[in-house]
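The values are calculated or read from the model by the stated rules, or taken from the named source; none is laboratory data. In this text the structure is predicted, and so the values were computed from the model without any measurement. Don't worry about glycine lacking a Cβ; one is built from the backbone with ideal geometry, like all the others, and counts go over all protein chains shown.
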Amino acid sequence: MSWIALCELLTSGESRQVTDAPALLLGQVQQQALHLAGGLQRRNVRSLAVHLEDAAQLAIALLGAWRAGARVLLPADLQPANRERLDAQAELWLTDQPGDHSLMDLLGEPLSAAELDPQLLGLTLCTSGSSGQPKLIDKRLAQLAREIETLEALWGADLGAASVIGSVATQHIYGLLFRVLWPLCAGRPMLRRPLPFAEDMQRASREQPAFCWVASPALLKRMGDNLDWPALRQVRRVFSSGGPLPAEAAQLLRERLGQWPTEIYGSSETGGIAWRQGGELWQPLPGVELGQDEQGALRVASPWLASGHVEQTADGAELHADGRFALRGRLDRIVKLEEKRISLPMLESALAEHAYVSEARLGVIQDQRAYLGALVALSEAGIFALRNQGRRAVTQTLRQHLNDHCEALALPRRWRLLHQLPGNAQGKLPQAELDALLLAPRPREPERLQQQWQDDHWQIELRVPLDLAHFSGHFPCTPVLPGVVQIEWAMNLARELIDDLPPRFGGMEVLKFQQLARPGDHLKLSLRFDHARGKLYFAYHNAGKPCSSGRILLGARP
Amino acid sequence: MSQLTLEIKQLIIDALGLEDLGPDDIAADQPLFGEGLGLDSVDALELGLAIQKRFGIKIDADAKDTRKHFASVDSLAAFVSASRAIA
């Protein structure tokens, strides 16, 4: 088995297997790629979007497009909004979805085998940008070639003829390099499909004489003890990328497998930057040069960036004298959920497009797993829907709406509904404050607008919070303020405003509930305590009409 | 609703931090993933671990199609019952 340079993959005469199930030889990959190149050239296609699950098909698509001199866009997903945005860039879509082109549709009279042009701008990666717009990142073939040559120099000898079993998709730079292009050049068999579950990885591993894993923290930190760990110790190397693996998860893998996972730190923009096996510090890949801006964010120069280009990242870092570094989190509003890069501004503006929403902000909540929480200021239409259909109908509608813009994983799971978003003196809501609001439980008390002492009683103006915790249990489809909560509010306010209130609750008299109070209603509460009789009189009015009233009997401790 | 079905629904709600959802809101035959309840691939991983831990059972990693058990609450209940009977 010998190395074939990326640009010579179509001309090499070496016979070797690219994948099994069903088996495919390099010669067949070359043939199909040349047929595709002919078909693309006949149609005069200069750029196409490709989204294929099968790594071998993707290899054919890439080589064919490159032979035809065409550029391949790799969208991260096929969500409608994402497709729409990329449509202008792609002359056709080659995907597994009905309605798009398949590889078979596009084959034509084959072009002759030829070396690929290393300067061809052959690949455009699509990822989330911090402005909210998707970001397109172009790569020349020479950049891709240099990066996989570096990977081979580092780990090729260890891997030997290991089959490459992956849990990650090939639409991202990591999966594309590690699951497709590197094995293709090195002659290591690749598994066609990603295996997102550990049990499937194990079964696939048992079928291979030697294997390595191309996985991600999402999987590696959730591997159970139902696996046959002694058998899995055969794994030549476990790669992990997309985000840092928590230290405990790395440690546990080391105990189970007898080796540290090999973590790669990189990005779509830069490709690989550094790697580590255990510990916190990252070792730059050979040829990578690092610097920092004034905020401490890493700056990267490397042989696989466009020549002369220095990429400024938004990753905070701490550089050490020996050249290694520690990562200190992102400095912009891009977040990663299970290695998926998510632009908060993009989802916020998508939310704000919905008729129910006047403004929205998002933050990450760290629970059992990390997910998004949404702080939403409802529009009038949103408040109307909340009052008449309930909270769940509103949040489900908004989730449905976002579904066109992002993957299910990014759909907010926690929602806080408000009349308006809070802001500081500059009219901004700092992320830390936003996160605190998302973490706080839903309100149980009224919003107090005004209060005054008038004649012999307190007059208090209240607003029923849109998101009152009590609504979920009581008529979830038509939320109303429960009577018992009205009494509790009256009691709590009385204790705060009226001195010397006797401590013991002795019962209720002449309770009347005449009018419903609903989310967002403005209520007027009057409170008067008759010391002689030990009775607290309360009455709520809703829009001028009596809502509820009664007397609470209070006495001294027995 | 059987006790086991109820326990599984509650486990799904708790393990996945699903707001505004009670056991009655999940139909026992409703698909948990995709268009149904809308759980994602990471939820599938979480749920696999939570079920094994909660009920003290092990998913046989060498069996084919282990993930079929995770289609709905009903199929999970059948799987848990069967696994307990063996244990």
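Quick notes on this one:
- Residue among A:GLU318, A:GLU311 that is of a type outside the set (A, V, I, L, M, F, W, C), modelled with pLDDT of 95 or more and in the same structural domain as A:ASP77 (by TED's automatic domain parsing): A:GLU311
- Options A:ALA469, A:ALA432; residue that is in the same structural domain as A:PRO546 (by TED's automatic domain parsing), within 34 Å of the chain's Cα centre (by Cα) and not hydroxyl-bearing (Ser, Thr, Tyr): A:ALA469
- Only one of the numbered conditions (1) in a strand (DSSP E or B); (2) farther than 26 Å from A:SER472 by Cβ is not met by A:LEU511, and that is (2).
- Out of A:ARG495, A:ARG518, sole residue that is surrounded by 14 or more Cβ atoms within 10 Å (Cβ to Cβ), among the basic types (Lys, Arg) and at pLDDT 90 or above: A:ARG518
- Considering residues of segment A:445-484 that are outside any strand (DSSP E or B) and free of Cβ contacts under 8 Å to residues at least 40 places away in the same chain only, the residue nearest to the other protein chains (Cβ to nearest Cβ): A:GLY473
- Condition check for A:ASP404: surrounded by fewer than 16 Cβ atoms within 10 Å (Cβ to Cβ), within 14 Å of chain B (Cβ to nearest Cβ) and modelled with pLDDT under 90: yes
- Residue within segment A:381-392 that is away from chain B (no Cβ under 11 Å), buried (at least 16 other Cβ atoms within 10 Å of the Cβ) and not in a helix (DSSP H, G or I) present: no
- Single condition A:GLY243 does not satisfy, out of (1) part of a loop (DSSP other than H, G, I, E, B); (2) more than 10 Å from chain B (Cβ to nearest Cβ); (3) modelled with pLDDT of 90 or more: (3)
- If the condition is being surrounded by fewer than 18 Cβ atoms within 10 Å (Cβ to Cβ) and either at pLDDT 90 or above or assigned to a helix (DSSP H, G or I) (or both), then segment B:29-48 contributes B:ASP29, B:GLN30, B:PRO31, B:SER41, B:ALA44.
- Exactly one residue among A:ALA161, A:ALA153, A:ALA114 is in contact with a helix residue (DSSP H, G or I) (Cβ under 8 Å, 6 or more places away or on another chain), assigned by TED's automatic domain parsing to the domain that holds A:ALA37 and surrounded by fewer than 20 Cβ atoms within 10 Å (Cβ to Cβ), and that residue is A:ALA114.
- Output for segment A:347-364, where each listed residue is within 14 Å of chain B (Cβ to nearest Cβ) and either in contact with a Lys or Arg (Cβ under 6 Å, 6 or more places away or on another chain) or not in a strand (DSSP E or B) (or both): none
- Scope segment A:220-231; condition touching a residue at least 24 places away in the same chain (Cβ under 8 Å) and surrounded by fewer than 23 Cβ atoms within 10 Å (Cβ to Cβ); matching residues: A:LEU220, A:LYS221, A:ARG222, A:GLY224, A:ASN226, A:LEU227, A:ASP228, A:TRP229, A:ALA231
- Residue in segment A:193-216 that is more than 10 Å from chain B (Cβ to nearest Cβ), in a helix (DSSP H, G or I) and closer than 23 Å to A:GLY272 by Cβ present: no
- For segment B:64-78, filtered to residues that are more than 8 Å from chain A (Cβ to nearest Cβ) and in a loop (DSSP other than H, G, I, E, B), the residue that is farthest from the chain's Cα centre (by Cα) is B:ASP65.
- Wholly enclosed strands (runs of 3 or more DSSP E) of segment A:264-326 bearing at least 1 residues closer than 20 Å to A:SER240 by Cα: A:271-276, A:311-319
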